[in-house]
1. How many residues does region 98-152 contain that are of a type in the set (S, T, N, Q), under 24 Å from VAL277 (Cβ atoms) and open to solvent by 60 Å² or more (accessible area, probe 1.4 Å)?
2. Considering only residues of region 59-96 that are in contact (Cβ under 8 Å) with a residue 40 or more places away in the chain and β-branched (Val, Ile, Thr), which is surrounded by the fewest Cβ atoms within 10 Å (Cβ to Cβ)?
3. In region 294-324, which residues are open to solvent by 80 Å² or more (accessible area, probe 1.4 Å) and modelled with pLDDT under 75?
4. Residues in region 153-180 that are touching a residue at least 60 places away in the same chain (Cβ under 8 Å) and farther than 14 Å from LEU203 by Cβ: how many?
5. Only one of THR122, THR136, THR178, THR173 is at pLDDT below 85 and in contact with a Lys or Arg (Cβ under 7 Å, 6 or more places away or on another chain); which?
6. Those residues that are in a loop (DSSP other than H, G, I, E, B) and touching a residue at least 12 places away in the same chain (Cβ under 8 Å), I need them from region 188-231; list them, please.
7. Here are some residues: GLY242, GLY246. Which one is small (Gly, Ala, Ser) and not in a helix (DSSP H, G or I)?
Amino acid sequence: MLAMIGKRLLFAIPSLIGVVIVTFLLTRALPGDPAVYFAGPAATKEAVDQIRKKLGFDKPLIEQFVRYTTDLAHGDLGSSLTTGQPVAAELRSRLPASAELTLLGLVVSIVIAIPLGVLAATRPGSWIDHLCRVTTTAGVSLPVFFTGLVLVYVFYFRLGWSPAPLGRLDVFTSAPPTVTGFYLVDALIARDFEAFRSALSQLILPAVTLAIFSLAPIARMTRASMLAVLASDFVRTARASGLSPGKVIVTYAFRNAMLPVITTLSMVFSFLLGANVLVEKVFAWPGIGSYAVEALIASDFAPVQGFVLTMAVMYVLLNLMIDILYGVIDPRVRLEG
């Protein structure tokens, strides 16, 4: 297992180097000039040139890249031109908000999608099988920002059941003392149940939005994988041996059907990291997605580069966790590693 983890980490290094190079070049190729943006519409050409020189954008591209990679090697992601704060500090403070939202959305979708896929596979042609198909089709068809806007319109504007979509807490509640950065966990640690209630009520709609988006591929893959395993020889042998249907499904079929589902979970989580950007803008969520969008609008290169690099590292770590889960579920993976 350790050898397999070491191999995966070595393979991840070229990917991260490629992400750094491509992100740097793409940010420089984007339309717009940060110097013009920060100088203002009434600035003279001399003032714009002076700001460009101060920011270092008058240097050759290769010189800018060398300076960027040198700072990156020292753990310096640069500073945001719009906020004046170090990008690393901004990402560190905003990452728990995005992680809490993404993980809760993924957990909600797993809790619904996997039992739904298993029941649909064990009862083909039944009403629950048709419900699974309708749910997966709707989840794939609806854009995530549209789903979020519909939920806000129905549950906040029309019914008044949900609080205003304006961040992680309502305006009358103070944030709990920071321990993990997850407001639900920190509120429980501090025994601040009012903050927990407020954080949970603010989380429900954006988490459900992400869950609807991610539910479709998980349920579909679970159903397809379970159908394939239930039709295999070893399951028929287990049934012929007189084992109960529950033992056959849970002990034999479900475990063998989990490998494709875990692969789908890794892809869904990466999709959620991208969809998070839109959801955070719809719900005014103070995460790294909204931070990157605001920086992109302002042609602020450093936060965009830091955001993409953070997403790449998270994706590499996610794939490493998936490889470890593969080894736990299927011992053959450890032997191949």
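1. First, pick out the residues of region 98-152 that are of a type in the set (S, T, N, Q): 98, 102, 109, 122, 126, 135-137, 141, 147.
Then keep just the ones that are under 24 Å from VAL277 (Cβ atoms); that gives 98, 102, 109, 136, 141, 147.
Filter again for open to solvent by 60 Å² or more (accessible area, probe 1.4 Å), leaving 141.
Residues flagged as of a type in the set (S, T, N, Q), under 24 Å from VAL277 (Cβ atoms) and open to solvent by 60 Å² or more (accessible area, probe 1.4 Å) within region 98-152 amount to 1.
2. Ranking the candidates gives THR69 first.
3. none
4. Residues that pass the stated criteria total 1.
5. Details: THR122 fails: in contact with a Lys or Arg (Cβ under 7 Å, 6 or more places away or on another chain); THR178 fails: in contact with a Lys or Arg (Cβ under 7 Å, 6 or more places away or on another chain); THR173 fails: in contact with a Lys or Arg (Cβ under 7 Å, 6 or more places away or on another chain).
The match here is THR136.
6. Across region 188-231, the qualifying residues are ALA190, ASP192.
7. GLY242
The values are calculated or read from the model by the stated rules, or taken from the named source; none is laboratory data. Quick caveat, the model's predicted, so the values are computed rather than measured. Cβ coordinates were reconstructed from backbone atoms using ideal geometry, including for glycine residues, and neighbour counts include every protein chain displayed. The area values use the complete protein model at the heavy-atom level, side chains included, leaving out ligands, DNA and RNA. Shrake-Rupley method; radii C 1.70, N 1.55, O 1.52, S 1.80 Å.
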